[in-house]
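Just so you know, all these numbers are worked out from the coordinates, no wet-lab data involved. Only a predicted model underlies this, so the values are computations on that prediction, with no experimental measurement involved. Every residue, glycine as well, gets a Cβ built from its backbone with ideal geometry; the counts of neighbours run over all protein chains shown.
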Amino acid sequence: MGVMKRLTNIVQAKANKVLDKAEDPRETLDLSYEKQIEQLQQVKRGLADVATAKKRIELQAQQLQQAATKLQGQARQALAQNREDLATEALTRRSGIATQLEGLKTQHDQLAQQQERLEATTQQLQARVEAFRTQKETLKASYTAAQAQTRIGEAVSGISESMSDTGLAMQRAQDKIAQMQARAGAVDELLASGTLTDLSGSSDPLQAQLDKAAASGDVELQLAQMKAELNPAAQAPSGELGSGASEEPVDGEVVADKPVAPAPTPADPFSLDDAGGAS
Amino acid sequence: MIVRILGEGQFELHESQTASLDELDKALVAAIDANDEATFHDVLSRLVQSVRSEGAPVGPDRFVPSDLTLPHEGSSLAEVRELLASEDVRES
C-alpha cells in the first residue's frame, strides 16, 4: 500500500476514536460541533504559545547581541593595549555567540512558519465551524430519509478527519516549541553562568587582565603627562590635559566602573587609547 | 477523488489525474525504504505541488472524508516515519 493510502487510514482512525461515542447520528452531529468549537479554542491557545516562544527567542537574541557588542569592545580595548591574546579570546567568544544566534534564527524561522500555518488553520476551522453549524440542523431535520443518514455519516467522517489533521498540526507546533525551550534553556544557562555576559565582572579572567593592562597603561600615560608638565617642550600641551579631565566616562563602557587609577588627573580616553596602541 | 494535504486542507481531483500521483507515491515509498532524505523531499514537494495545481480546493462548507492523504509540506522523513509507525501501534 502506498504512503498516501496508509496516511489516510491513520488519520481517519485517529479521528473516529473521538466521535464514535454517540450512538444516534444526530447526537454525533452535535458532538462533532462541540468538538470543533473546543478545537478552535485549542488552536487559538496554540497560536498564543507559538507567539510566546517566538518572543523568548527574540529576547535571547537581543541579549546575545549585547554580549557580542561588549566582546567586540573588549577586543578593541585589548588590541589598543597590545594584548592580542586577549583580543583573540574575546573574538573567539564572540564567534561562539554568532553560532548561537544562527541556531536561534533557524528556530525563529520554524516558529514563524508554524505560526503562519496555525493562523491559516484557525481561519479554515472558523469557516468550517460556521458552515457546519447551519448544515447540521438541516441534516438533523431530514434525518429520517435514508439518504440523509448516509450524508450524516459522510459529514461526520469529514469532520473527524479534519479534526485529526488539526490535531496533528498542533502537535507539530508543540514539538517546535519544545525544541525551542530546550535550546532557550541552554542559552539561558550560558548567559547566567557568566560565560557570555559577565565579562565586566571581577570573576571574569579576560576582563581582569584587560583592567590590569588598562591600569598599567594608565600609569604609563600619567608618567608621560607628568614628564610633559615638568618639561613644557614635550608633546602633550597642558590645555589638552585639562579638557581631558572631564571626559573620562566616554571610555567607560568597560572600564569606567573600575577604579582604574589612583592618580588625581584622570586620563583622556582618546589619548589613553593612543598611548595603549603605541606602547 | 479527494486528497488531503495535512495541515493545508482538501483538494478534489479527477480520477484521471491520480495516475501520476500513484507513480510519485511509489517513489515516496522507495525513498522512505532507502532512507533517502533528499529524494523524499523532492518527491513530496512534487506531490504537494501537483495536488495543489491540478486539484480544486474543497470549500469549508463541504464535509467529506479523503481518499488519499499527503504529509505536511516540508515534513522530514523521520516525521513521516513516526506518523506511519502510529499505524503499527494501532494494529498491534
Other protein chain Cβ atoms within 10 Å, averaged over every residue that makes up A:172-182: 1
Förster-model FRET efficiency, 51 Å R0, residue A:216 and residue A:183, C-beta, rounded to 0.05: 0.80
Partners for residue A:105 among lysines (Cα-Cα distance below 26 Å; same-chain residues under 8 apart left out): A:44, A:54, A:55, A:70, A:176
